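These notes are about the structure you will find just below.
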Amino acid sequence: MKNAVGRAVAHRLFWPLVMLVVLLAINVVAVPGFLSITVNNEGHLFGSVIDILRNGAPTLMIAVGMTLVIATRGIDLSVGSLCAIAGAMACSIILGSPTPNAVGTVTVAVLVALALALVLGLWNGFLVSVLGIQPIIATLILMTAGRGIAMLITEGQILTVQSDPFKFLGSGFIVGIPVATIVAAVILALVALLTRRTALGLLIESVGINPEASRQAGVRARGLLFTVYALSAVLAAIAGLILTSNQTAADANNTGLFIELDAILAVVIGGTSLNGGRYSLTGTLVGALVIQTLVTTVYTVGIPPIATMVFKAAVVTAVCLLQSPTTAAALARWRTRSASRAASPRPGEAVVSR
Amino acid sequence: MPDLTPAPDAGASPAPVVDMTGISISFPGVKALDGVDFRMFPGEVHSLMGENGAGKSTLIKALTGVYSVDSGVIRLAGKQVTFSGPAQAQAAGISTVYQEVNLLGNLTVAENVMLGREPRRLGGIDWRAMRRRSAEILQGLHLDIDPGSLLNSHSLAIQQLVAIARAIDVQAKVLILDEPTSSLDGEEVAELFRVIRSLKDRGVAILFVSHFLDQVYEISDRLTVLRNGQLVGEYLTHELLRIDLVQAMIGKELSALEDLGSRIHSAEKEATSAARPATFLAAKAISRKGAIAPVDLTIGAGEVVGLAGLLGSGRTELARLIGGVDHTDSGQLKVNGVPIRLRTPRQAIKHQIAYSSENRRAEGIVDELSVRDNIVLALQADRGWFRPIPRKRQDELAASYIEALNIKTPNADALVRNLSGGNQQKVLLARWLAIAPRLLILDEPTRGIDVGAKAEIQKLVYSLAENGMSVLFISAELEEVLRLANRIVVLRDRRKVADLPNDGLSVDDLLAVIAEGSVDPELESGVAS
């Protein structure tokens, strides 16, 4: 029992999960019916938890791609701009089409947007792997230029679309579950399968931990880098389409603004080191849920909007502190000390922890 | 309890400056140190001996405050101390120079020597005082280098001495030298020992760790032997026979090593009488600017070719060309008579040529991956990511190599960074053996690892060659090269100076060639034309 507790505390997802539970508990206290899920008259699941799962979906998708990029010692700052580009591309095609409500039109729009993102992702991969530019700089280029590209596509306008099939992406339901949630879950599962059932995950981690040893072992880092940046871009585009569909408008300036930071945060909260190497997609899932729950908490608890950012920062600081090795060591020392204090006078009594 | 020899009369200062008693340290699943006693006297060189995993590094880290001890007492000059970090230990007069030089190559020598305690003036750094002070320290070590020069522009040996200069500037009472000689050549070692002796005369207590027995016997006054985290004993160097020391370290009879020697010796005789093996790899005048002048080299199937030469002679540089790690500027490589081009290690692997780097940590193991992942890495990279090796096959591979190479690890899932150096080296070897190479290039595979693992690796090389694998073997230890190689290629100053069949060569013969052998005239003229 003692060991089980110790192992649980030592697990890298322990503190993020605790944080998630604490945030949920705060919400339940503030709004007693917070966890209840009802079925509305259209047969859709309905409730705050469902909102978290739906609204957190875009961040999760991007964070999944970001996890792999970070595992290679990289980072992708361009994902927010890619959201805007994908949304702008899709909306301009739908608006330019005589049949905006046709499923065919929307399919074409989505595919073109994803293809464009793929090309841009390969561009990032090219800068990083072939030209050897540092990832933060390489993707900063597209982060900055991307909003401009989106602006060119929308010709400086906010493109509002009336297209039911497109709207379905962001606010539709399949068997009562939000489409966005389903898409995010499928992406998470597919990427997990892709990396863990093949050797992709092993090779990505290997390159992230020790690039030179990996090169000498015959690992082709170049192909891996192209793959992760392209995947990251495509996932960002999917997230961008969902965000745009939700707003029924492509806004070159604001779609996906700062979402790269939330995604990086989700990855870090999930326990994947920014130094690259071992990564955890489960961790990223928990991280994304923590961030979205945090946003919801701000509303349910009624924190004034002007204090929102500060509140968010405080929670993130807490999670990072709890996860840091230094804090862990300090906690371990404190536990041993209190354990030995408890143990010495009455050796027969149970000790709280190992 | 361990058997301590009675404290000898330590002359001028009989009280130990360091006195550690009953030191125990545990890591999850491992008792790294178990009730170890250790003491050091002023003006003495004390060698800490033991195989990898014996607890040498742990003991040093306990003394320098990197690890806190679970139980036991550390006394410094009679007073009990508890350091919560290396900085505190250093402030108390315990300085450490690690195996890997922990300096900043992009700063000047003076900046490195004075790093962290730069002389101050008016809130800024007093650069002139810094130059002067560092020049004085370097002078004290008879190191004739410009304090204003970049550290990177000096050889590893000089950098090592700069690290010592940096350490002794802190008015050290205790100086810890962890494998300071592992990358130095003979002359540089002599230079280092001169410095050590002068520090000794100043009354500094020096803890010396080295795998070179000759050096240990030359420099140290006292020995402490550890094995499996326990104290075997403390001895005066001149009272302990080498054979007894080695036995104390590995805790078993040396028959394994001697047996190997005789087996190989008889095999050598057979080999020399037999016809020359078919050529596997032939290099014609391969070179790389700034690394090695044009060299011819042939390696037969099943042949062990030794590369001998001093540090910086071009041994590693030549091996890296053949392993595809660096690419050649000129010349031609042929495998089984077919010309090939190697631009990446991957291409070399495709030709079944594996290069095992001398730099185990930086270029060999992937330390945060498991033993299993490390073993399958090269094989998996060769297959491509979309053709994963089935998990069952991975487990079989890992299990078979863990057994065959006697890798000491709790299980295949253990992270490689938690293994000792010798076991990390074996994991790296397993990675290369898993791709079934035709030519295995081993660059210093036994450096910095213990006697037992060394013997095992030597035996392995022997049996691999017996089974038809070609081996290019590099080692700074000439005895080892002589014991294993059928043929020895000697390099000096980045040129090949000799290609000798190994029949009846002695270390002295080889040393003479390394020191004085003439450059192959044919090649010289080839370069000129």
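What to note about this one:
- Taking only the C-alpha atoms of the range A:63-197, Rg followed by Dmax gives 16.5, 47 Å.
- Here the range B:341-396 is treated as a Stokes sphere of Kirkwood radius computed over C-alpha pairs; at 10 °C and 1.306 mPa s its diffusion coefficient rounds to 126 µm²/s.
- Site pair A:Val186 and B:Lys289 shows an inter-label distance of 5.5 nm when each label is modelled 7 Å from Cα along Cα→Cβ.
- Relative packing of peptides B:117-127, A:120-130, A:85-95, A:176-186 - highest average C-beta neighbours within 10 Å first: A:85-95, A:120-130, A:176-186, B:117-127
- With kT/(6 pi eta Rh) evaluated at 37 °C and eta = 0.692 mPa s, and Rh the Kirkwood radius from Cα pairs, the range B:186-247 diffuses with a coefficient of 257 µm²/s according to Stokes-Einstein.
- Cα-Cα separations in chain A greater than 37 Å, expressed as whole percent: 25
- Rg/Rh (Cα only; Kirkwood hydrodynamic radius) as it applies to chain B: 0.98
- Principal-axis analysis of the Cα atoms of chain A puts helix A:179-197 at an angle of about 70° to the longest axis.
- Projected onto their three principal axes, the Cα atoms of the protein assembly as shown cover extents of 93, 78, 60 Å, largest first.
- Principal axis dimensions, the range B:100-170 - Cα atoms, whole angstrom, descending: 36, 23, 20
- Across the alpha-carbon set of the range B:361-436, the Rg to Rh ratio works out to 0.93, Rh being the Kirkwood radius.
- For chain A, the longest principal axis of the alpha carbon atoms and the long axis of helix A:14-30 meet at an angle near 80°.
- Extending 7 Å from the Cα toward the beta-carbon at both A:His11 and B:Glu479 defines two label points whose distance is 5.3 nm.
- Value of Rg/Rh across the range B:76-133 [Cα atoms, Kirkwood radius]: 1.06
- Nearest 10 degrees, 0 to 90: helix A:135-154 Cα axis against chain A principal axis: 40
- Counting, for every residue in A:197-206, the Cβ atoms of other protein chains within 10 Å of its Cβ and taking the mean gives 6.
- Centroid-to-centroid separation of the range B:319-341 and the range B:214-230 [C-alpha atoms, Å]: 43
- Peptide ranges A:248-261, B:78-91 listed from the most packed, as the mean C-beta count within 10 angstrom indicates: A:248-261, B:78-91
- Expected 222 nm ellipticity per residue - DSSP helices of 4 or more, -39500 (n - 2.57), all of chain A, to 500: -23000 deg cm²/dmol
- From its DSSP helices (H runs of at least four residues, each -39,500 (n - 2.57)), chain B gives a residue-normalised ellipticity at 222 nm of -11000 deg cm²/dmol.
- Ranked packing of A:106-115, A:48-57, most packed first, by mean Cβ within 10 Å: A:48-57, A:106-115
- Under the span-like rule (Cα at least 15 Å along the axis, Kyte-Doolittle mean at least 1.0), DSSP H helices of chain B: B:156-168
- Panel note: the C-alpha atoms of the range B:464-510, placed on their principal axes, show extents of 33, 22, 18 Å (largest first).
- Furthest towards positive pole of dipole, A:Phe173, A:Ser214, A:Ala230, structure part chain A, Cβ charges: A:Ser214
- Computed over the range A:202-248, Kirkwood Rh from alpha-carbon pairs, angstrom: 12.3
- For B:369-377, mean number of other protein chain Cβ atoms within 10 Å: 4
- In this Cβ point-charge picture (+1 for Lys and Arg, -1 for Asp and Glu), the protein assembly as shown has a dipole of about 2420 debye about its Cα centre.
- Candidate lysines for bridging to B:Lys31, where Cα separation is under 23 Å - those fewer than 8 sequence places away on the same chain excluded: A:Lys2, B:Lys56, B:Lys61, B:Lys252, B:Lys408, B:Lys426
Values in this text are rule-based calculations from the coordinates and carry no lab data. Computed from a predicted structure; not experimentally measured. In this analysis, Cβ positions are derived from the backbone assuming ideal geometry, glycine residues included, and neighbour counts consider all displayed protein chains.
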